[in-house]
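None of the figures in this text is laboratory data; all of them are computed from the coordinates on show. This is a predicted model, so every value here is computed, not measured. Using ideal geometry, Cβ is built from the backbone for each residue, glycine included, and neighbour counts are taken over all protein chains shown.
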């Protein structure tokens, strides 16, 4: 399948990846080639087959709802680019 | 004992030497740190090394977090990241007297088959500095091969322990999915990722697996009890063992030299008493395609957390391969394409898993090559991502099925190491380790050392 530059741009936006025009061009070619290769999956007959998302077959593995040890606030914040009054600083979500 | 004799010792021998006071822990650490100082500038296996260290010196892939020790996952986006806690595997090793002597180079977020996707320069193959060490556990394998550590930890998502171990001539074990807790391993593709040992011998790999496996309550897929040796093993021979040979692992794309070496290894297993049976894994040809869709989808989800707010830099810091996989995964999961790609690949995954289940009705282990070729030249495949992906054809199917796999040195082609892949039933690491050990004892490939 061919992925056009416009499609690549759309995917980059969904993935929140800032790409240059050159990168868009490059990924359009490379991803198209990879998708061509992946198209061979269509020749596998999976009409009677359930999907495997997890080989262990486990689901809803839960623990007891008890408070355990956690990181002190200072350590939890030690790698943040910006911190104020013990909180992470983020960009505003809504325009002013 | 001379310095190079000391660093040649296996993990089991090092433990014994310390216990018998043949050398001190200080002597051991000084010798290893001196060797790292000497060799690492040539090999670039380590991204960080300890100024002071104690305990048995282990090399840890830089995708496993270590408290107060910089951890980058081979990415610029995590440059300067200092983890506030230790991964479970690190905590467990520390209790056993193991020390972190250094953090090893790897492909960015463990995405690569050559080590060349590291943002901090490529690690080199100790057998030939112009060749790749394999990936993504490139530095861990190079460090073990060049005796810059007693053993190392790596991670394997589609072959990232087995393949570099094969290309560097050391032992690498990918445990069954769910055997080892990934708490503190930076996630790449969560339905595949496993932590495992890269070691000088099979017995060392068994020991490390015993130490690191078992649930900690922080990995929902890790619920089985930890690995413990239950049986007596095979002793000196393999009588009673059935070895399955999948014809799909000996087809187009397999280098003739590698095939010859692997077939000789199979003959050796037969001489040791094993019965060789032909098996078929008919959906092998779809392995890479299914894997690249599922893995990339999981990558796009796992790497969405890098927002530059809580930790790490901004998303423009991702390298080429990381961006490529995020894009591929985002596309595969996007509206209108999900059924054609992600859901289809997940169904093919079932077929591959069933292939193994059927094959294991006829045999105890499945044996074949790890990699279709020996180590290739630096830069040879970097321009063509698809060619690079195809080099994982024999390791990916076991990753899709979640079964354990071991790479054991089994010979050389043009002075470059070849690994024998031994695959086992789900949660049956014991059998593959036993088979690997009998083979190792009957051969001397693992004793060969590179001249650096």
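Assorted remarks:
- Long-range tail of P(r) for the protein assembly as shown (Cα pairs > 41 Å, %): 17
- Among A:84, A:33, A:13, the largest mean-square fluctuation in a Gaussian network model of chain A (Cα springs under 10 Å) belongs to A:84.
- Likely footprinting exposure, B:149, B:222, B:363, B:168, fewest C-beta neighbours within 10 Å first: B:363, B:222, B:149, B:168
- Here each label is just a point 7 Å from Cα along the line to Cβ, and for residue B:270 and residue A:76 those points are 6.2 nm apart.
- Sorted by Cβ density within 10 Å, fewest first, the residues B:428, B:316, B:156: B:316, B:428, B:156
- Legend: translational diffusion of the stretch B:3-447 by Stokes-Einstein, Rh = Kirkwood radius over C-alpha pairs, 10 °C, 1.306 mPa s; D = 74 µm²/s.
- Applying 0.36 nm per residue to the separation of residue B:387 and residue B:239 and subtracting their alpha-carbon distance, the gain on full extension is 49.3 nm.
- Burial ordering of B:267, B:232, A:9, fewest other beta-carbon atoms within 10 Å first: B:232, B:267, A:9
- The calculated FRET efficiency for the pair residue A:89 and residue B:42, based on their C-beta separation and a Förster distance of 35 Å, comes to about 0.20.
- The gain in end-to-end length when the residue B:442 to residue B:316 segment is fully stretched comes to 40.2 nm, 0.36 nm per residue minus the alpha carbon separation.
- Springs between Cα atoms under 10 Å define the GNM used for chain A, and in it the highest mean-square fluctuation of A:36, A:85, A:65 occurs at A:85.
- Cα gyration tensor shape for chain A, rounded if a/c is under 1.5, else prolate or oblate: oblate
- Cα→Cβ-extended label distance, 7 Å offset, between residue B:95 and residue A:14, nm: 4.4
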